[in-house]
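A.B. asks: So that we are looking at the same thing, I have put the structure below in structure tokens.
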Amino acid sequence: MRLSTLLGPDLRQTLEQEPEALRDALDEFHEEDIAEIAEDLPLDDVVALMRALPDELAATVLERIPDERRADILEKLKPEEAATILVEMEPDDRADVVQTLELDLRTTLLEVLDQVDPEVAEETRELAAYPEHTAGGIMTTGFVGLAPDTKVWQAIEEVRRLSREEEVENVYYVYVLAFGDKLQGVVSLRDLILADPGQTLADVMTENVVRVHDMDEQEEVARTIAKYDFQALPVVDQQGVMLGVVTVDDVVDVVIEEATEDAQRMGAVTPIEDTYFGTGFLAYWRSRVTWLVVLFLGGFLTANVMEGFADELQRAIVLAMFIPLIISTGGNAGSQSATLVIRALAVEEVRPADWLKVASRELAVGLCLGLVVGVLGFGRAFFTAEGPGVPLALVIAISIVSVVTVGSLLGSLLPLLIQRVGLDPAVSSTPFIASLSDVVGLLIYLSIARALLHLP
């Protein structure tokens, strides 16, 4: 039986008459598929579905539903029902869900959680208190932490017990804690299995443990996991006390989120929190209007430059024909440089302190690129344009070389400057670089034309 058939108009009847058959049918499908179909169902049907599912499955499905829709579902459920589902979530996922709720609903659910499972409620409050984009905000408190004098065989038994009881999400490492739960070492599961059962964890552990602090930015956590190729990374406080772990599946979500934000900023769009269709009209409009207005106002500078050279353009009207060619070439070169430098900053291949090296490199590359394109521009102006012939062709060629070089420098140095002052370099979006290059390129072009063509 197809899931789409079950979750159609006869859903309520199926839930009322054959709930066991529905549960059996849903066992054949992944939670993501169930969540995807639940997004398209009427709210009352989704709530009925949540009530029919086993709490553990309902929890994993609810995690995958967009924030706004999920809040509506939790509000529609009885507080006791919602709290029972939340208890089944992993600590980090539960905290993420609670953080997205309105204050009144969040307070109500936490109060009910206090009655259902006080320990879970306290854990959720602690995790939800961390800023959203920090290591503490994405960590889970489920990990295996044992004393240094624990025997290897005892550690293996503890891993088995915690896994059976589902007290930890994923077991990749055993962490060795001492002196008030301070992180002393780590043992991978492979090393644990291969070790002599009679040895202690202190005998087999790695003492130099790569770790992050709870207030570190999530981008730093993602870079660290990628750099060392870990499956999980311990999170400690300023005193070295272990608080939790960030697993690789959480980092994948971080990477996707950060890449999405950077892509949106580079397109001159304020990042949106929800999906394309999940974002309301007003929020979607606000995400685009600010930068569009800024870029439009920036276009006034281009008009001002052309107005300042109005006499020259009237006396040599052929110059106007090449304006789009000149400014688009400079803008394209600047956008190329900006894209490469922003990416290099993101993966820490380049730092703001490297600005002189970057400038030297972009100056050389810009000149070489400009010469290639400048030769093409010279030919276009000399053979096909009416006007002063060689002088005009020289103006076009020199202008192209200049605007490509300057555009490359602007596109590479502006992201470095923005990061230097503590902002996200992605805000130096390619449209912004292109608009700035348009103004500078037009100024360079008309100034060269005035000088070489001896326009009064």
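The values are calculated or read from the model by the stated rules, or taken from the named source; none is laboratory data. Just so it is clear, the structure is predicted and the values come from calculations on it, not from any experiment. Neighbour counts are summed over all protein chains in view; Cβ atoms, including those assigned to glycine, are modelled from backbone coordinates with ideal geometry. Quick note on the areas: whole protein, heavy atoms, side chains included, nothing else; ligands and nucleic acids left out. Shrake-Rupley method; radii C 1.70, N 1.55, O 1.52, S 1.80 Å.
A.B. asks: Checking ALA385 against (1) modelled with pLDDT under 85; (2) in contact with a Gly (Cβ under 9 Å, 6 or more places away or on another chain), only one condition comes out false. Which one?
C.D. replies: (2)
A.B. asks: What strands (runs of 3 or more DSSP E) completely inside the stretch 142-247 contain at least 3 residues that are more than 30 Å from the chain's Cα centre (by Cα)?
C.D. replies: The strands (runs of 3 or more DSSP E) meeting that bar are 173-178, 182-188.
A.B. asks: Which of the residues belonging to the stretch 224-241 are surrounded by fewer than 18 Cβ atoms within 10 Å (Cβ to Cβ) and either of a type in the set (Gly, Ala, Ser) or closer than 13 Å to VAL210 by Cβ (or both)? Don't jump to the end; show me each part of the working.
C.D. replies: So the first thing to find is which residues in the stretch 224-241 are surrounded by fewer than 18 Cβ atoms within 10 Å (Cβ to Cβ), and the list is 226-229, 231, 237-241.
Once the filter is applied, which keeps residues that are surrounded by fewer than 18 Cβ atoms within 10 Å (Cβ to Cβ) and either of a type in the set (Gly, Ala, Ser) or closer than 13 Å to VAL210 by Cβ (or both), the stretch 224-241 yields ALA226, LYS227, TYR228, ASP229, GLN231, GLY240.
A.B. asks: Does at least one position in the stretch 56-65 carry a residue that is crowded, with 18+ Cβ neighbours inside 10 Å and in contact (Cβ under 8 Å) with a residue 60 or more places away in the chain?
C.D. replies: No, the stretch 56-65 contains no residue that is crowded, with 18+ Cβ neighbours inside 10 Å and in contact (Cβ under 8 Å) with a residue 60 or more places away in the chain.
A.B. asks: Do you know which residues across the stretch 108-121 are open to solvent by less than 60 Å² (accessible area, probe 1.4 Å) and either out of contact with any helix residue (DSSP H, G or I) (no Cβ under 7 Å at 6 or more places or on another chain) or not in a helix (DSSP H, G or I) (or both)?
C.D. replies: Selection gives ASP117 alone.
A.B. asks: Are any of the residues in the stretch 367-382 out of contact with any Phe, Trp or Tyr (no Cβ under 9 Å at 6 or more places or on another chain) and at pLDDT below 85?
C.D. replies: Of the stretch 367-382, the ones out of contact with any Phe, Trp or Tyr (no Cβ under 9 Å at 6 or more places or on another chain) are 367-376, 378-379, 382.
Next, from what is left, pick out any that are at pLDDT below 85: 382.
Within the stretch 367-382, one or more residues are out of contact with any Phe, Trp or Tyr (no Cβ under 9 Å at 6 or more places or on another chain) and at pLDDT below 85.
A.B. asks: Continuing with the same structure: Output the number of residues of the stretch 70-98 satisfying the condition of being surrounded by 17 or more Cβ atoms within 10 Å (Cβ to Cβ) and under 26 Å from the mean Cα position of the chain (by Cα).
C.D. replies: Count: 13.
A.B. asks: Residues GLU20, GLU36, GLU32, GLU28: which one is farther than 17 Å from LYS76 by Cα, at pLDDT below 75 and in a helix (DSSP H, G or I)?
C.D. replies: Within the list GLU20, GLU36, GLU32, GLU28, the selection yields GLU20.
A.B. asks: Hey, could you check the stretch 317-356 for residues that are charged (D, E, K, R) and not in a helix (DSSP H, G or I) and say which is farthest from PRO425 (Cα to Cα)? Don't jump to the end; show me each part of the working.
C.D. replies: Applying the first criterion (charged (D, E, K, R)) to the stretch 317-356 yields 343, 348-349, 351, 354.
After this cut, where a residue has to be not in a helix (DSSP H, G or I) as well, the list is 348-349, 351.
Details: GLU348: 12, GLU349: 14, ARG351: 11 Å.
Of everything passing the filter in the stretch 317-356, GLU349 is farthest from PRO425 (Cα to Cα).
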